[in-house]
Amino acid sequence: MVNRRDILRAAGAGLVASSIPGLALASANTEARFVLVILRGAADGLAIAPAYGDGNYARVRGELALSSREINKLDGIFGLHPALADIHDQYRQRQALIVHAVASPYRERSHFDGQDVLENGAAGVGMLRDGWLNRAIAPLGGSLGNEVAIAMAQNTPLVLRGDNSVTSWAPSGLPDAEDSTIERLQDLYAGDEFFAMRLVQALDAQAIAEADTGMTQMNSRGNEAQQMQTMAAATARFLRAKDGPRIAVLEAGGWDTHANQGTTSGALANRFEGLDAGVRTLREELGGTWSKTVMAIVTEFGRTVAVNGTRGTDHGTGTAAILVGGAVAGGRVLADWPGLRNSDLHQGRDLRPTTDLRSVFKGVLAEHLQLPDAEMHTSVFPDSAAAPSMRGLINSA
């Protein structure tokens, strides 16, 4: 019988958890790692990557406009918010790129519906009940107790729900269970393959998450930077484990900046600092595995171009996505830029999307995870031939 003390002793000794008899981890058909980060609440793409070189930018953004002196420049048109300093550094090292004026097929302004379309991979709300990333992992192998994907959340997000088995982990504020309790649960589940495997997985996951930290609990409270760093560090420990998962999904809330959005400081800047800290932590904790990693940072839709009456922005359409990682062919902004004149805006108020976010996902799945391109347009993103895979996102080396 495997008990919690055995697992924690192995973790403390620096052993890989899968070396303990009875523990089963992923055995994926790839060494590539993929991290999907969903910014829930609709992140402002013109704050993420200000189009300072567009002649209409300062006028239409008003008091939310950042000057060319305040941003970290990317090229002659675009820059990054100053709080995204590590991502900018990765951009300069050609390990990050920005896809601007991007959106899912959704064109309304409901968070719930926008996230549904972002995650189900279909052209509309409620058209599919499972997630595109769950469908995508089928060729990578994996099964119950041998999952290739992990949700870093209490509840598995839609993008990972479906027929293919995935696992999950989230920090707990509850005290650790006594060894005797673990043993009783193992006895109770001994005759049930599903629950016995899930218990072993839970112990296994906690051993990996706690390895080298000296912690038996990970506090999920604190400011944005602390929360993101906690989750990023745990994610890295799962992804760098020899037989651990290859794909992870993280979520970050609080991007609905209707009031007092701020510019170089304020609510949105604080969230950017947390996101940037999470990227830096993941990179540092992954070590050499970073070279095999792509991290996609996306949101359900953008925000209005103009400031509203409460010094914030309202629900919009086009936004910006970030790809960062050692496997990214970075140092570029990819944008069929629509412009910011009033006549250029979607419905006279939003950044007009010119790139389908599904094209970005398809490119990463095909080039990085080596998934068959034909399946991108059918089983993974059904009826999406009009959104071709973006090429050249991944280093060929």
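Maximal additional length on extending the Q226-K242 stretch stands at 3.1 nm, based on 0.36 nm per residue less the C-alpha distance.
So for segment 35-164, taking the charge dipole from beta-carbon charges (+1 Lys/Arg, -1 Asp/Glu), which of V37, A51, A96 sits furthest toward the positive end? Final value for the positive-end residue is A51. Protection proxy ranking, highest mean first, for peptides 96-103, 69-76, 355-362: 96-103, 355-362, 69-76, where packing is the per-residue count of other beta-carbon atoms within 10 Å, averaged. Length available on full extension from H258 to D344: 0.36 nm per residue minus the Cα-Cα distance, which gives 28.7 nm. Of all lysines in the structure, the ones whose alpha carbon falls short of 23 Å from that of K362, not counting any fewer than 8 places away in one chain, are K292. For the pair H111 and R59, the difference between a 0.36 nm per residue extended length and the Cα-Cα distance amounts to 15.9 nm. Here the simple spin-label model places points 7 Å from the Cα toward Cβ, and for R311 and D75 these points are separated by 3.4 nm.
Considering the zone a paramagnetic label at T378 would reach in this model (a point 7 Å from Cα along the Cα-to-Cβ line), which residues of segment 154-168 have amide N under 19 Å from it? Under 19 Å, as judged by backbone N against the label point of T378, lie 163-164 of segment 154-168. Centroid-to-centroid, using Cα positions, segment 84-147 and segment 223-241 are 19 Å apart.
Once you charge only the Cβ atoms, +1 for Lys and Arg and -1 for Asp and Glu, what is the size of the charge dipole of segment 338-397 about its Cα centre, to the nearest 20 debye? Show your work: numbers first, answer last.
Values: 6 positive and 7 negative charges, 52 e Å.
Around 260 debye, computed over segment 338-397.
The residue among G330, N308, L282 whose Cα reaches farthest toward the positive pole of the charge dipole of segment 243-337, with charges on the beta-carbon of Lys, Arg, Asp and Glu, is G330.
Computed from the coordinates by the stated procedures, all read-outs in this text should not be read as laboratory data. Nothing here was measured: the structure is a model prediction, and the numbers come from that model. Glycine also receives a Cβ, built like all others from the backbone with ideal geometry; neighbour counts cover every protein chain displayed.
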